[in-house]
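Only one structure is covered here, and it is reproduced in the block below.
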Amino acid sequence: MRLILYITTLLCACSCYAQEYAFPPNFQFGVATAAYQVEGGWNSSGKGENIWDRLTHTRSELITDGSNGDIACDTYNKAIEDVQLLKSLGVDFYRFSFSWSRILPTGTANKINPDGIRYYNEMIDELLANGIKPFATMYHWDLPQPLQELGGWPNSVIADLFADYANVLYENFGDRIKDWITFNEVGVFCGGGYESASMAPAYNGAGFGVYLCGHTVLRAHGKAYRLYESKYKASQGGRVGITIDSGWYEPASESPVDIEAAETAIQMGFGWFAHPIFSTDGDYPPVMKQRIAQKSAEEGFSRSRLPEFTSEEIAEIRGSSDFFGLNHYTTNRCTIIPDGWGTPPSQWTDAGALCSQDADWEPSASSWLKVVPWGFRKLLVWIKNEYNNPEVVVTENGFSDRGELRDCRRINYYNSYLEQLLKAIHEDGCNVSGYTAWSFMDNFEWMRGFTERFGLYYVDFNDPNRPRTPKMSYYVYKNILATKRVDWKYSPDSFDECEF
Ligand code: GBH
(Lines give C-alpha, C1' and ligand atoms only; values in the text may rest on other atoms or scores of the structure.)
Protein backbone atom coordinates (compact mmCIF):
# COMPACT_ATOMS: atom_id res chain seq x y z
CA MET A 1 0.00 0.00 0.00
CA ARG A 2 2.70 2.43 1.01
CA LEU A 3 4.66 1.46 -2.04
CA ILE A 4 1.73 2.18 -4.33
CA LEU A 5 1.25 5.54 -2.69
CA TYR A 6 4.92 6.27 -3.07
CA ILE A 7 4.88 5.36 -6.75
CA THR A 8 1.78 7.47 -7.40
CA THR A 9 3.33 10.47 -5.68
CA LEU A 10 6.51 10.00 -7.63
CA LEU A 11 4.68 9.72 -10.94
CA CYS A 12 2.62 12.81 -10.22
CA ALA A 13 5.68 14.74 -9.12
CA CYS A 14 7.44 13.78 -12.34
CA SER A 15 4.63 14.68 -14.70
CA CYS A 16 3.79 17.90 -12.84
CA TYR A 17 7.43 18.82 -12.92
CA ALA A 18 7.66 18.01 -16.63
CA GLN A 19 4.98 20.55 -17.40
CA GLU A 20 6.97 23.17 -15.54
CA TYR A 21 9.89 23.06 -17.95
CA ALA A 22 10.59 26.47 -19.40
CA PHE A 23 12.15 27.34 -22.74
CA PRO A 24 15.78 28.44 -22.29
CA PRO A 25 16.27 32.22 -22.05
CA ASN A 26 17.82 32.51 -25.52
CA PHE A 27 15.28 30.26 -27.22
CA GLN A 28 13.81 31.99 -30.28
CA PHE A 29 10.18 31.84 -31.38
CA GLY A 30 8.69 32.71 -34.73
CA VAL A 31 5.94 32.11 -37.25
CA ALA A 32 6.30 31.18 -40.91
CA THR A 33 4.77 31.72 -44.33
CA ALA A 34 5.90 31.12 -47.93
CA ALA A 35 5.77 33.52 -50.87
CA TYR A 36 3.38 31.67 -53.17
CA GLN A 37 1.06 30.78 -50.31
CA VAL A 38 0.53 34.36 -49.09
CA GLU A 39 1.81 37.06 -51.43
CA GLY A 40 -0.58 37.17 -54.36
CA GLY A 41 0.44 39.92 -56.79
CA TRP A 42 1.28 37.07 -59.13
CA ASN A 43 1.89 39.32 -62.14
CA SER A 44 2.31 42.68 -60.42
CA SER A 45 5.05 45.11 -61.36
CA GLY A 46 7.35 42.90 -63.34
CA LYS A 47 7.04 39.59 -61.52
CA GLY A 48 7.62 36.61 -63.82
CA GLU A 49 5.57 33.42 -64.01
CA ASN A 50 6.53 30.48 -61.81
CA ILE A 51 5.58 26.80 -61.79
CA TRP A 52 2.73 27.29 -59.31
CA ASP A 53 1.24 30.11 -61.41
CA ARG A 54 1.42 27.79 -64.40
CA LEU A 55 0.00 24.75 -62.63
CA THR A 56 -2.93 26.52 -60.97
CA HIS A 57 -3.81 28.45 -64.17
CA THR A 58 -3.66 25.52 -66.56
CA ARG A 59 -4.59 22.53 -64.40
CA SER A 60 -6.97 23.93 -61.81
CA GLU A 61 -8.73 20.55 -61.63
CA LEU A 62 -5.75 19.35 -59.60
CA ILE A 63 -6.51 21.89 -56.83
CA THR A 64 -9.22 20.73 -54.40
CA ASP A 65 -11.27 23.95 -54.66
CA GLY A 66 -9.96 25.00 -58.09
CA SER A 67 -8.33 28.04 -56.49
CA ASN A 68 -4.89 29.61 -56.97
CA GLY A 69 -2.45 32.00 -55.33
CA ASP A 70 -3.13 34.97 -57.63
CA ILE A 71 -4.22 37.07 -54.65
CA ALA A 72 -3.91 34.66 -51.70
CA CYS A 73 -3.54 36.75 -48.50
CA ASP A 74 -2.60 39.80 -50.60
CA THR A 75 0.58 40.09 -48.57
CA TYR A 76 2.14 41.84 -51.56
CA ASN A 77 0.00 44.83 -50.55
CA LYS A 78 -0.21 44.19 -46.83
CA ALA A 79 3.30 43.32 -45.71
CA ILE A 80 3.73 46.55 -43.77
CA GLU A 81 0.49 46.27 -41.79
CA ASP A 82 1.17 42.57 -41.14
CA VAL A 83 4.32 43.54 -39.26
CA GLN A 84 2.10 45.06 -36.56
CA LEU A 85 0.31 41.70 -36.21
CA LEU A 86 3.67 39.99 -35.79
CA LYS A 87 4.72 42.57 -33.24
CA SER A 88 1.62 42.13 -31.12
CA LEU A 89 2.19 38.36 -31.17
CA GLY A 90 5.66 38.92 -29.73
CA VAL A 91 7.75 36.79 -32.09
CA ASP A 92 11.54 37.03 -32.19
CA PHE A 93 11.65 36.33 -35.93
CA TYR A 94 9.46 36.05 -39.01
CA ARG A 95 10.20 33.24 -41.44
CA PHE A 96 9.11 34.20 -44.96
CA SER A 97 10.31 33.17 -48.41
CA PHE A 98 11.49 35.14 -51.41
CA SER A 99 9.67 34.68 -54.67
CA TRP A 100 12.45 33.92 -57.16
CA SER A 101 10.31 35.19 -60.06
CA ARG A 102 9.58 38.48 -58.29
CA ILE A 103 13.32 39.12 -57.97
CA LEU A 104 14.42 37.56 -61.28
CA PRO A 105 11.43 37.41 -63.66
CA THR A 106 13.11 35.06 -66.11
CA GLY A 107 14.93 33.09 -63.42
CA THR A 108 18.41 34.22 -64.50
CA ALA A 109 20.38 36.95 -62.77
CA ASN A 110 20.98 39.11 -65.84
CA LYS A 111 17.66 40.92 -65.27
CA ILE A 112 16.69 42.06 -61.77
CA ASN A 113 13.17 43.36 -61.15
CA PRO A 114 13.46 46.63 -59.18
CA ASP A 115 9.95 46.27 -57.75
CA GLY A 116 10.91 42.89 -56.27
CA ILE A 117 13.89 44.44 -54.53
CA ARG A 118 11.71 47.33 -53.32
CA TYR A 119 8.99 45.04 -51.96
CA TYR A 120 11.31 42.93 -49.83
CA ASN A 121 13.40 45.93 -48.75
CA GLU A 122 10.34 47.64 -47.34
CA MET A 123 9.20 44.53 -45.52
CA ILE A 124 12.65 43.78 -44.08
CA ASP A 125 13.12 47.38 -42.92
CA GLU A 126 9.71 47.39 -41.27
CA LEU A 127 10.43 44.11 -39.48
CA LEU A 128 13.74 45.39 -38.14
CA ALA A 129 12.22 48.72 -37.11
CA ASN A 130 9.80 46.68 -34.99
CA GLY A 131 12.45 44.47 -33.43
CA ILE A 132 11.64 41.36 -35.48
CA LYS A 133 14.42 39.39 -37.18
CA PRO A 134 13.84 38.42 -40.81
CA PHE A 135 14.50 34.67 -41.25
CA ALA A 136 14.50 34.18 -45.00
CA THR A 137 13.97 31.12 -47.16
CA MET A 138 15.30 31.44 -50.69
CA TYR A 139 13.23 28.69 -52.23
CA HIS A 140 9.84 27.51 -51.04
CA TRP A 141 8.77 25.59 -54.15
CA ASP A 142 8.14 28.34 -56.72
CA LEU A 143 10.64 27.76 -59.55
CA PRO A 144 10.54 30.37 -62.34
CA GLN A 145 8.63 28.84 -65.27
CA PRO A 146 11.41 29.58 -67.81
CA LEU A 147 13.71 27.30 -65.80
CA GLN A 148 11.04 24.62 -65.81
CA GLU A 149 11.04 24.87 -69.60
CA LEU A 150 14.66 23.75 -69.37
CA GLY A 151 13.57 20.71 -67.40
CA GLY A 152 13.50 22.19 -63.92
CA TRP A 153 15.47 20.69 -61.05
CA PRO A 154 16.41 17.44 -62.81
CA ASN A 155 18.55 19.63 -65.10
CA SER A 156 21.85 20.03 -63.25
CA VAL A 157 22.42 23.48 -64.78
CA ILE A 158 19.80 24.87 -62.41
CA ALA A 159 22.30 24.46 -59.53
CA ASP A 160 24.43 27.29 -60.91
CA LEU A 161 21.40 29.45 -61.68
CA PHE A 162 20.26 29.03 -58.09
CA ALA A 163 23.68 30.12 -56.82
CA ASP A 164 23.37 33.23 -59.03
CA TYR A 165 19.96 33.94 -57.48
CA ALA A 166 21.38 33.43 -53.97
CA ASN A 167 24.13 35.90 -54.86
CA VAL A 168 21.53 38.55 -55.75
CA LEU A 169 19.78 37.96 -52.42
CA TYR A 170 22.98 38.17 -50.33
CA GLU A 171 24.06 41.27 -52.20
CA ASN A 172 20.77 43.13 -51.83
CA PHE A 173 19.52 41.96 -48.44
CA GLY A 174 22.46 40.39 -46.61
CA ASP A 175 23.30 43.62 -44.81
CA ARG A 176 20.07 43.10 -42.83
CA ILE A 177 19.23 39.39 -43.12
CA LYS A 178 21.45 37.26 -40.86
CA ASP A 179 19.52 33.99 -41.01
CA TRP A 180 19.17 32.25 -44.35
CA ILE A 181 17.54 29.00 -45.40
CA THR A 182 18.42 27.92 -48.91
CA PHE A 183 15.65 25.34 -49.47
CA ASN A 184 12.42 24.33 -47.83
CA GLU A 185 11.80 20.57 -47.78
CA VAL A 186 13.71 19.27 -50.79
CA GLY A 187 12.25 15.79 -50.46
CA VAL A 188 8.72 17.13 -50.60
CA PHE A 189 9.02 19.29 -53.71
CA CYS A 190 11.18 16.76 -55.53
CA GLY A 191 8.81 13.93 -54.60
CA GLY A 192 5.64 15.89 -55.34
CA GLY A 193 7.06 17.53 -58.47
CA TYR A 194 8.84 14.61 -60.13
CA GLU A 195 7.63 11.37 -58.52
CA SER A 196 3.98 11.49 -57.47
CA ALA A 197 2.68 14.51 -59.44
CA SER A 198 1.23 15.99 -56.25
CA MET A 199 3.08 19.32 -56.41
CA ALA A 200 4.13 21.61 -59.27
CA PRO A 201 5.26 20.87 -61.92
CA ALA A 202 3.31 17.62 -61.36
CA TYR A 203 5.39 15.23 -63.40
CA ASN A 204 5.36 11.53 -62.77
CA GLY A 205 8.91 10.30 -63.22
CA ALA A 206 8.65 7.69 -60.52
CA GLY A 207 11.92 6.38 -59.13
CA PHE A 208 14.02 8.56 -61.41
CA GLY A 209 13.25 12.30 -61.73
CA VAL A 210 12.91 12.59 -57.97
CA TYR A 211 16.56 11.60 -57.40
CA LEU A 212 17.81 13.84 -60.20
CA CYS A 213 15.91 16.72 -58.62
CA GLY A 214 17.32 16.02 -55.16
CA HIS A 215 20.82 15.74 -56.61
CA THR A 216 20.69 19.15 -58.29
CA VAL A 217 19.22 20.74 -55.18
CA LEU A 218 21.96 19.37 -52.92
CA ARG A 219 24.57 20.72 -55.32
CA ALA A 220 22.74 24.07 -55.51
CA HIS A 221 22.62 24.24 -51.73
CA GLY A 222 26.34 23.49 -51.44
CA LYS A 223 27.18 26.20 -53.95
CA ALA A 224 24.97 28.81 -52.26
CA TYR A 225 26.48 27.96 -48.86
CA ARG A 226 30.08 28.14 -50.09
CA LEU A 227 29.36 31.38 -51.93
CA TYR A 228 28.23 33.01 -48.69
CA GLU A 229 31.18 31.56 -46.82
CA SER A 230 33.77 32.90 -49.25
CA LYS A 231 32.20 36.19 -50.34
CA TYR A 232 29.81 37.47 -47.66
CA LYS A 233 30.25 35.83 -44.28
CA ALA A 234 33.18 37.98 -43.14
CA SER A 235 31.41 41.25 -43.87
CA GLN A 236 27.77 40.28 -43.24
CA GLY A 237 28.26 37.86 -40.35
CA GLY A 238 25.12 35.82 -40.91
CA ARG A 239 24.46 32.10 -41.16
CA VAL A 240 23.10 29.83 -43.85
CA GLY A 241 21.22 26.57 -43.37
CA ILE A 242 18.70 24.29 -44.98
CA THR A 243 15.26 23.06 -43.91
CA ILE A 244 14.57 19.34 -44.18
CA ASP A 245 11.15 17.84 -43.55
CA SER A 246 10.62 14.66 -41.65
CA GLY A 247 7.91 12.79 -39.93
CA TRP A 248 8.88 10.26 -37.30
CA TYR A 249 9.04 6.69 -38.63
CA GLU A 250 8.02 4.25 -35.91
CA PRO A 251 8.40 0.49 -36.51
CA ALA A 252 4.99 -1.15 -36.92
CA SER A 253 6.03 -3.86 -34.48
CA GLU A 254 9.03 -4.92 -32.44
CA SER A 255 10.10 -7.46 -35.03
CA PRO A 256 13.61 -6.82 -36.36
CA VAL A 257 12.21 -6.65 -39.90
CA ASP A 258 9.90 -3.76 -39.04
CA ILE A 259 12.62 -2.01 -37.08
CA GLU A 260 14.84 -2.25 -40.14
CA ALA A 261 12.02 -1.05 -42.44
CA ALA A 262 11.46 2.04 -40.29
CA GLU A 263 15.19 2.78 -40.13
CA THR A 264 15.54 2.38 -43.91
CA ALA A 265 12.53 4.66 -44.42
CA ILE A 266 13.99 7.46 -42.31
CA GLN A 267 17.40 7.09 -43.96
CA MET A 268 15.91 7.25 -47.45
CA GLY A 269 13.30 9.91 -46.72
CA PHE A 270 15.24 12.18 -44.37
CA GLY A 271 18.86 10.96 -44.44
CA TRP A 272 18.66 11.47 -48.23
CA PHE A 273 19.36 15.19 -47.51
CA ALA A 274 20.54 15.15 -43.90
CA HIS A 275 23.36 12.62 -44.42
CA PRO A 276 25.18 14.46 -47.25
CA ILE A 277 25.13 17.68 -45.20
CA PHE A 278 25.25 16.73 -41.51
CA SER A 279 27.05 13.37 -41.27
CA THR A 280 30.84 13.17 -40.84
CA ASP A 281 31.22 11.10 -44.03
CA GLY A 282 28.93 13.13 -46.27
CA ASP A 283 27.31 11.67 -49.41
CA TYR A 284 23.99 9.78 -49.51
CA PRO A 285 23.28 7.26 -46.72
CA PRO A 286 25.06 3.95 -47.53
CA VAL A 287 21.78 2.01 -47.32
CA MET A 288 20.23 4.34 -49.88
CA LYS A 289 23.06 3.95 -52.39
CA GLN A 290 23.10 0.21 -51.92
CA ARG A 291 19.34 -0.35 -52.21
CA ILE A 292 18.78 1.87 -55.25
CA ALA A 293 21.78 0.39 -57.05
CA GLN A 294 20.50 -3.12 -56.40
CA LYS A 295 16.89 -2.37 -57.40
CA SER A 296 18.08 -0.53 -60.52
CA ALA A 297 20.18 -3.53 -61.59
CA GLU A 298 17.27 -5.91 -60.99
CA GLU A 299 15.03 -3.66 -63.08
CA GLY A 300 17.41 -3.69 -66.03
CA PHE A 301 18.85 -0.17 -65.70
CA SER A 302 22.45 0.10 -66.83
CA ARG A 303 23.37 2.26 -63.83
CA SER A 304 21.82 3.25 -60.52
CA ARG A 305 18.86 5.59 -60.75
CA LEU A 306 20.51 7.51 -57.90
CA PRO A 307 23.18 9.83 -59.37
CA GLU A 308 26.68 9.88 -57.89
CA PHE A 309 28.51 12.84 -56.43
CA THR A 310 32.14 13.54 -57.29
CA SER A 311 34.48 13.64 -54.31
CA GLU A 312 34.69 17.45 -54.71
CA GLU A 313 30.91 17.68 -54.51
CA ILE A 314 30.81 15.48 -51.42
CA ALA A 315 33.30 17.79 -49.74
CA GLU A 316 31.47 20.93 -50.84
CA ILE A 317 28.15 19.69 -49.47
CA ARG A 318 29.42 18.08 -46.27
CA GLY A 319 29.16 20.55 -43.37
CA SER A 320 27.34 23.11 -45.51
CA SER A 321 24.77 24.22 -42.94
CA ASP A 322 25.21 26.43 -39.89
CA PHE A 323 22.09 24.98 -38.25
CA PHE A 324 19.65 22.14 -38.86
CA GLY A 325 16.28 23.50 -40.04
CA LEU A 326 13.61 20.93 -39.28
CA ASN A 327 9.98 20.84 -40.36
CA HIS A 328 7.95 18.27 -38.49
CA TYR A 329 4.22 17.57 -38.43
CA THR A 330 3.34 13.93 -37.90
CA THR A 331 4.29 10.25 -37.49
CA ASN A 332 3.96 7.01 -39.46
CA ARG A 333 4.41 3.36 -38.59
CA CYS A 334 6.46 1.34 -41.05
CA THR A 335 6.63 -2.28 -41.99
CA ILE A 336 8.41 -4.14 -44.75
CA ILE A 337 6.53 -4.05 -48.08
CA PRO A 338 4.85 -7.32 -49.01
CA ASP A 339 6.08 -9.09 -52.14
CA GLY A 340 4.46 -7.69 -55.27
CA TRP A 341 3.34 -4.43 -53.60
CA GLY A 342 3.62 -1.25 -55.65
CA THR A 343 4.94 -0.60 -59.13
CA PRO A 344 8.71 -0.32 -59.41
CA PRO A 345 10.63 1.78 -59.99
CA SER A 346 9.47 4.05 -57.21
CA GLN A 347 10.81 5.70 -54.11
CA TRP A 348 8.82 3.38 -51.84
CA THR A 349 9.75 0.13 -53.54
CA ASP A 350 13.35 1.35 -53.39
CA ALA A 351 13.02 1.87 -49.64
CA GLY A 352 11.10 -1.37 -49.20
CA ALA A 353 8.99 0.21 -46.48
CA LEU A 354 5.25 0.61 -46.23
CA CYS A 355 4.25 3.36 -43.83
CA SER A 356 0.80 4.26 -42.54
CA GLN A 357 -0.98 5.87 -39.64
CA ASP A 358 -3.00 4.34 -36.82
CA ALA A 359 -6.77 4.63 -37.09
CA ASP A 360 -7.06 5.92 -33.53
CA TRP A 361 -4.58 8.78 -33.90
CA GLU A 362 -6.35 12.13 -33.75
CA PRO A 363 -7.01 13.48 -37.25
CA SER A 364 -6.73 17.02 -38.64
CA ALA A 365 -8.26 18.53 -41.77
CA SER A 366 -5.29 17.11 -43.75
CA SER A 367 -5.42 13.39 -44.55
CA TRP A 368 -1.67 12.98 -43.87
CA LEU A 369 -1.55 14.86 -40.58
CA LYS A 370 -2.37 12.99 -37.36
CA VAL A 371 -1.60 14.27 -33.88
CA VAL A 372 1.27 12.16 -32.50
CA PRO A 373 3.29 14.37 -30.14
CA TRP A 374 5.66 11.65 -28.89
CA GLY A 375 6.96 11.16 -32.44
CA PHE A 376 8.38 14.71 -32.37
CA ARG A 377 10.58 13.89 -29.36
CA LYS A 378 11.75 10.60 -30.87
CA LEU A 379 12.73 12.36 -34.09
CA LEU A 380 14.70 15.03 -32.21
CA VAL A 381 16.56 12.33 -30.28
CA TRP A 382 17.26 10.43 -33.51
CA ILE A 383 18.79 13.59 -35.04
CA LYS A 384 20.89 14.15 -31.92
CA ASN A 385 22.29 10.63 -32.05
CA GLU A 386 22.69 10.37 -35.81
CA TYR A 387 24.30 13.74 -36.53
CA ASN A 388 26.23 14.54 -33.35
CA ASN A 389 23.67 16.83 -31.73
CA PRO A 390 23.57 19.69 -34.24
CA GLU A 391 21.83 22.98 -33.44
CA VAL A 392 18.25 22.42 -34.57
CA VAL A 393 15.84 25.21 -35.43
CA VAL A 394 12.30 23.90 -35.81
CA THR A 395 11.30 25.88 -38.87
CA GLU A 396 7.71 24.54 -39.15
CA ASN A 397 5.21 22.69 -37.00
CA GLY A 398 1.44 23.10 -37.02
CA PHE A 399 -2.08 21.74 -37.36
CA SER A 400 -4.87 22.10 -39.91
CA ASP A 401 -8.62 22.49 -39.43
CA ARG A 402 -11.40 24.17 -41.41
CA GLY A 403 -10.77 27.65 -40.05
CA GLU A 404 -12.66 27.81 -36.74
CA LEU A 405 -11.76 30.76 -34.47
CA ARG A 406 -12.13 28.75 -31.26
CA ASP A 407 -9.52 26.28 -32.45
CA CYS A 408 -9.11 24.03 -29.42
CA ARG A 409 -7.59 21.16 -31.42
CA ARG A 410 -4.83 23.44 -32.72
CA ILE A 411 -4.14 24.59 -29.16
CA ASN A 412 -4.00 20.97 -28.05
CA TYR A 413 -1.52 20.28 -30.88
CA TYR A 414 0.80 23.16 -30.03
CA ASN A 415 0.71 22.49 -26.27
CA SER A 416 1.38 18.77 -26.72
CA TYR A 417 4.13 19.15 -29.33
CA LEU A 418 5.84 21.93 -27.39
CA GLU A 419 5.76 19.80 -24.25
CA GLN A 420 7.59 17.06 -26.13
CA LEU A 421 10.07 19.62 -27.40
CA LEU A 422 10.72 20.76 -23.82
CA LYS A 423 11.36 17.16 -22.78
CA ALA A 424 13.75 16.71 -25.68
CA ILE A 425 15.66 19.77 -24.54
CA HIS A 426 15.63 19.17 -20.78
CA GLU A 427 15.62 15.38 -20.48
CA ASP A 428 17.36 14.25 -23.67
CA GLY A 429 19.84 17.08 -24.10
CA CYS A 430 18.75 17.93 -27.66
CA ASN A 431 20.26 21.18 -28.90
CA VAL A 432 17.13 22.96 -30.15
CA SER A 433 17.44 26.74 -30.32
CA GLY A 434 14.23 27.87 -31.97
CA TYR A 435 10.66 27.01 -32.90
CA THR A 436 8.40 28.25 -35.70
CA ALA A 437 4.64 27.86 -35.87
CA TRP A 438 3.18 27.10 -39.28
CA SER A 439 1.46 29.31 -40.01
CA PHE A 440 1.23 33.01 -39.24
CA MET A 441 -2.11 33.10 -41.08
CA ASP A 442 -4.39 30.86 -43.16
CA ASN A 443 -3.02 30.64 -46.70
CA PHE A 444 -3.01 28.81 -50.02
CA GLU A 445 -2.41 25.21 -48.97
CA TRP A 446 -0.96 24.01 -52.34
CA MET A 447 -3.08 21.25 -53.89
CA ARG A 448 -5.69 21.66 -51.13
CA GLY A 449 -6.30 25.31 -52.04
CA PHE A 450 -7.99 27.17 -49.19
CA THR A 451 -9.76 24.11 -47.77
CA GLU A 452 -7.19 23.30 -45.09
CA ARG A 453 -6.28 26.07 -42.65
CA PHE A 454 -3.07 26.23 -40.60
CA GLY A 455 -3.12 29.88 -39.44
CA LEU A 456 -2.96 31.54 -36.05
CA TYR A 457 -4.90 34.24 -37.88
CA TYR A 458 -8.07 33.44 -39.77
CA VAL A 459 -8.17 35.01 -43.25
CA ASP A 460 -11.46 35.64 -45.04
CA PHE A 461 -10.66 34.81 -48.67
CA ASN A 462 -14.12 35.94 -49.84
CA ASP A 463 -13.49 39.49 -48.70
CA PRO A 464 -11.39 41.53 -51.17
CA ASN A 465 -9.62 43.14 -48.19
CA ARG A 466 -8.51 39.73 -46.87
CA PRO A 467 -9.13 40.72 -43.22
CA ARG A 468 -7.08 38.82 -40.62
CA THR A 469 -8.77 37.77 -37.35
CA PRO A 470 -6.82 36.26 -34.45
CA LYS A 471 -7.90 32.75 -33.53
CA MET A 472 -7.89 31.46 -29.98
CA SER A 473 -4.54 29.74 -30.70
CA TYR A 474 -3.03 33.14 -31.49
CA TYR A 475 -3.54 34.19 -27.85
CA VAL A 476 -2.27 30.87 -26.53
CA TYR A 477 0.89 31.07 -28.65
CA LYS A 478 1.37 34.67 -27.55
CA ASN A 479 1.14 33.54 -23.92
CA ILE A 480 3.74 30.81 -24.54
CA LEU A 481 6.10 33.36 -26.06
CA ALA A 482 5.60 35.76 -23.17
CA THR A 483 5.93 33.20 -20.37
CA LYS A 484 8.32 30.73 -22.11
CA ARG A 485 6.09 27.96 -20.81
CA VAL A 486 3.24 25.72 -21.88
CA ASP A 487 0.22 26.38 -19.68
CA TRP A 488 -2.77 24.12 -20.33
CA LYS A 489 -4.93 26.24 -18.06
CA TYR A 490 -4.34 29.50 -19.89
CA SER A 491 -7.45 30.68 -21.72
CA PRO A 492 -7.94 34.11 -23.29
CA ASP A 493 -10.92 36.09 -21.96
CA SER A 494 -12.60 36.48 -25.30
CA PHE A 495 -13.20 32.71 -25.75
CA ASP A 496 -14.92 29.92 -23.82
CA GLU A 497 -12.33 27.65 -22.28
CA CYS A 498 -11.27 24.53 -24.19
CA GLU A 499 -11.65 21.12 -22.60
CA PHE A 500 -8.56 18.96 -22.89
C1 GBH B 1 4.82 21.96 -45.16
O2 GBH B 1 5.12 20.69 -45.67
C3 GBH B 1 5.11 23.04 -46.17
O4 GBH B 1 6.43 23.54 -46.01
C5 GBH B 1 4.16 24.20 -46.12
O6 GBH B 1 4.31 25.00 -47.26
C7 GBH B 1 2.74 23.68 -46.01
O8 GBH B 1 1.79 24.69 -46.06
C9 GBH B 1 2.66 22.92 -44.70
O10 GBH B 1 3.55 21.85 -44.72
C11 GBH B 1 1.28 22.30 -44.44
O12 GBH B 1 1.01 21.31 -45.37
O13 GBH B 1 -1.59 15.27 -49.68
O14 GBH B 1 -1.17 12.99 -49.06
O15 GBH B 1 -0.03 13.96 -50.97
C16 GBH B 1 4.82 19.61 -44.82
C17 GBH B 1 5.04 18.27 -45.48
C18 GBH B 1 4.53 17.11 -47.48
C19 GBH B 1 2.84 17.41 -45.90
C20 GBH B 1 3.50 16.80 -48.56
C21 GBH B 1 1.80 17.09 -46.95
C22 GBH B 1 1.34 15.91 -48.98
C23 GBH B 1 0.67 14.64 -48.58
N24 GBH B 1 4.02 17.99 -46.48
N25 GBH B 1 2.35 16.20 -47.96
S26 GBH B 1 -0.61 14.21 -49.66
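By a 1.4 Å probe calculation restricted to protein chains, HIS57 has an accessible surface near 70 Å², given to the nearest 10. Dipole magnitude for the chain: about 720 debye, using +1 per Lys or Arg Cβ and -1 per Asp or Glu Cβ, origin at the Cα centre.
Electrostatic tally near LYS223: other residues with Cβ closer than 12 Å to its Cβ, Lys and Arg +1, Asp and Glu -1, net -3.
Think of it as helices only: each DSSP H run of n ≥ 4 in the chain is worth -39500 (n - 2.57), and spread over all residues that comes to -12500 deg cm²/dmol at 222 nm. As a rough guide to protection, the peptides 218-225, 387-394, 306-313, 472-479 ranked by mean Cβ packing within 10 Å, highest first, stand as 218-225, 472-479, 387-394, 306-313. Each residue of the range 23-483 gets 140 Å³ once the volume of the Cα convex hull is shared out per residue. For the range 71-155, applying the loop criterion from DSSP together with a ceiling of 14 other beta carbons within 10 Å to the trypsin sites (Lys or Arg not before Pro) yields LYS111. Once you divide the Cα radius of gyration of the range 67-144 by 2.2 N^0.38 Å, the number left is 1.15.
Tally Lys and Arg at +1 and Asp and Glu at -1 over the other residues with C-beta under 12 Å from the C-beta of VAL371: what net charge comes out? With Lys, Arg at +1 and Asp, Glu at -1, the net is -1.
Note on exposure: VAL432, VAL381 ranked by accessible area (1.4 Å probe, complete protein assembly) read VAL381, VAL432, with the most exposed listed first. Other residues whose C-beta falls under 13 angstrom from the C-beta of GLY352 contribute a net charge of -4, scoring Lys and Arg +1 and Asp and Glu -1. Counting only DSSP beta bridges with both residues in the range 23-483, the antiparallel share comes to about 20 percent.
Over the range 195-329, the pair-distance histogram of Cα-Cα distances with 10 Å bins from zero comes to 11, 35, 36, 14, 3, 0 percent, rounded to whole numbers.
For LYS378, give me every one of the lysines with a C-alpha distance below 17 angstrom, ignoring sequence neighbours fewer than eight places off in its own chain. Filter leaves LYS370, LYS423.
The values are calculated or read from the model by the stated rules, or taken from the named source; none is laboratory data. Since the structure is predicted, the reported quantities are computational estimates derived from the model, not experimental observations. Cβ sites come from the backbone with ideal geometry, for glycine too, and all protein chains shown count toward neighbours. Surface areas here come from the heavy atoms of the whole protein model, side chains and all, with no ligands, DNA or RNA. Shrake-Rupley method; radii C 1.70, N 1.55, O 1.52, S 1.80 Å.
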